[in-house]
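Here's the structure we're looking at; comments come further down.
The values are calculated or read from the model by the stated rules, or taken from the named source; none is laboratory data. Since the model is a prediction, treat every value here as computed from it, not as a measurement. Heads up, the Cβs are rebuilt from the backbone with ideal geometry, glycines too, and the neighbour counts pull from every protein chain shown.
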Amino acid sequence: MAFRKVATVSEVPQGKGKQLTVDGSKVALFNVSGTFYAIDDTCPHRGGPLSAGTVSGKEVACPWHGAKFDVGSGAFLSPPAQSGVKSYPVQVVGDEVQIDV
(Lines give C-alpha, C1' and ligand atoms only; values in the text may rest on other atoms or scores of the structure.)
Protein backbone atom coordinates (compact mmCIF):
# COMPACT_ATOMS: atom_id res chain seq x y z
CA MET A 1 0.00 0.00 0.00
CA ALA A 2 1.17 3.46 -0.81
CA PHE A 3 -0.70 5.98 1.29
CA ARG A 4 -0.21 9.60 0.29
CA LYS A 5 -1.40 12.92 1.66
CA VAL A 6 -4.41 14.27 -0.21
CA ALA A 7 -5.76 16.86 2.23
CA THR A 8 -5.59 18.15 5.78
CA VAL A 9 -8.32 17.39 8.30
CA SER A 10 -9.44 21.05 8.29
CA GLU A 11 -9.92 21.09 4.50
CA VAL A 12 -12.96 18.79 4.62
CA PRO A 13 -15.70 20.05 6.97
CA GLN A 14 -17.77 17.49 8.85
CA GLY A 15 -20.69 16.27 6.72
CA LYS A 16 -19.13 17.48 3.46
CA GLY A 17 -17.21 16.10 0.50
CA LYS A 18 -14.17 17.37 -1.40
CA GLN A 19 -13.12 16.48 -4.94
CA LEU A 20 -9.52 15.36 -5.39
CA THR A 21 -7.52 14.26 -8.41
CA VAL A 22 -5.08 11.48 -7.56
CA ASP A 23 -2.99 9.92 -10.35
CA GLY A 24 -5.50 11.21 -12.89
CA SER A 25 -8.52 9.73 -11.09
CA LYS A 26 -11.29 11.85 -9.59
CA VAL A 27 -11.83 10.84 -5.96
CA ALA A 28 -14.43 12.10 -3.47
CA LEU A 29 -13.20 12.50 0.11
CA PHE A 30 -15.86 12.70 2.84
CA ASN A 31 -15.76 13.62 6.53
CA VAL A 32 -18.47 11.80 8.51
CA SER A 33 -18.30 12.81 12.17
CA GLY A 34 -14.50 13.00 12.02
CA THR A 35 -14.04 9.73 10.12
CA PHE A 36 -12.80 10.09 6.55
CA TYR A 37 -13.88 7.99 3.57
CA ALA A 38 -12.84 8.03 -0.09
CA ILE A 39 -14.74 6.74 -3.13
CA ASP A 40 -14.67 7.38 -6.88
CA ASP A 41 -16.17 10.80 -7.52
CA THR A 42 -18.09 9.90 -10.68
CA CYS A 43 -21.65 8.56 -10.38
CA PRO A 44 -22.06 5.52 -12.66
CA HIS A 45 -25.55 6.69 -13.71
CA ARG A 46 -24.70 9.87 -15.64
CA GLY A 47 -21.32 10.99 -14.32
CA GLY A 48 -22.42 13.40 -11.57
CA PRO A 49 -19.78 14.58 -9.06
CA LEU A 50 -20.48 12.66 -5.84
CA SER A 51 -18.20 15.02 -3.87
CA ALA A 52 -20.83 17.76 -4.44
CA GLY A 53 -23.66 15.56 -3.17
CA THR A 54 -25.66 15.81 0.04
CA VAL A 55 -24.19 13.73 2.87
CA SER A 56 -26.51 12.13 5.43
CA GLY A 57 -24.77 9.81 7.85
CA LYS A 58 -22.65 7.47 5.73
CA GLU A 59 -24.75 8.07 2.60
CA VAL A 60 -24.15 10.55 -0.21
CA ALA A 61 -26.81 11.46 -2.78
CA CYS A 62 -25.63 12.35 -6.28
CA PRO A 63 -26.46 16.02 -6.91
CA TRP A 64 -27.67 15.31 -10.47
CA HIS A 65 -30.30 12.56 -10.12
CA GLY A 66 -30.28 11.50 -6.45
CA ALA A 67 -28.71 8.04 -6.64
CA LYS A 68 -27.37 7.17 -3.18
CA PHE A 69 -24.09 5.52 -2.25
CA ASP A 70 -22.40 4.30 0.94
CA VAL A 71 -19.32 6.51 1.40
CA GLY A 72 -17.53 3.71 3.26
CA SER A 73 -17.94 0.85 0.78
CA GLY A 74 -18.98 2.64 -2.42
CA ALA A 75 -22.06 0.40 -2.66
CA PHE A 76 -25.08 1.88 -4.43
CA LEU A 77 -28.09 2.17 -2.18
CA SER A 78 -30.81 3.53 -4.48
CA PRO A 79 -31.53 4.08 -8.19
CA PRO A 80 -31.14 5.44 -10.74
CA ALA A 81 -27.59 4.07 -10.39
CA GLN A 82 -27.36 0.32 -10.91
CA SER A 83 -23.85 -0.24 -9.57
CA GLY A 84 -21.53 1.04 -6.90
CA VAL A 85 -18.23 2.87 -7.11
CA LYS A 86 -14.74 1.95 -5.92
CA SER A 87 -13.75 2.81 -2.36
CA TYR A 88 -10.21 3.52 -1.17
CA PRO A 89 -8.41 2.94 2.14
CA VAL A 90 -8.04 6.14 4.19
CA GLN A 91 -5.89 6.94 7.21
CA VAL A 92 -5.34 10.09 9.24
CA VAL A 93 -1.80 10.79 10.44
CA GLY A 94 -1.64 13.93 12.57
CA ASP A 95 -3.59 16.47 10.53
CA GLU A 96 -2.93 14.73 7.19
CA VAL A 97 -5.64 12.74 5.44
CA GLN A 98 -3.98 10.03 3.38
CA ILE A 99 -5.48 7.61 0.87
CA ASP A 100 -4.17 4.61 -1.00
CA VAL A 101 -5.27 4.77 -4.64
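Of the residues making up the stretch 1-56, those that are among the aliphatic types (A, V, I, L, M) and modelled with pLDDT under 95 are M1, A2, V22.
State yes or no: is S56 farther than 21 Å from A7 by Cβ, over 12 Å from the mean Cα position of the chain (by Cα), surrounded by fewer than 13 Cβ atoms within 10 Å (Cβ to Cβ) and free of Cβ contacts under 8 Å to residues at least 12 places away in the same chain?
Answer is yes for this residue.
Here Q91 fulfils each of the conditions (1) within 10 Å of the chain's Cα centre (by Cα); (2) closer than 19 Å to T8 by Cα; (3) of a type in the set (S, T, N, Q) apart from (1). The sole residue among T21, T8 that is of a type in the set (S, T, Y) and over 11 Å from V101 (Cβ atoms) is T8. For L50, the requirement of being farther than 19 Å from R4 by Cα, surrounded by 13 or more Cβ atoms within 10 Å (Cβ to Cβ) and more than 13 Å from the chain's Cα centre (by Cα) is not met.
Is there a residue in the stretch 70-86 that is crowded, with 16+ Cβ neighbours inside 10 Å and touching a residue at least 60 places away in the same chain (Cβ under 8 Å)? No, that holds for no residue.
Tallying residues that are in contact with a His (Cβ under 9 Å, 6 or more places away or on another chain) and crowded, with 20+ Cβ neighbours inside 10 Å within the stretch 1-46 yields 1.
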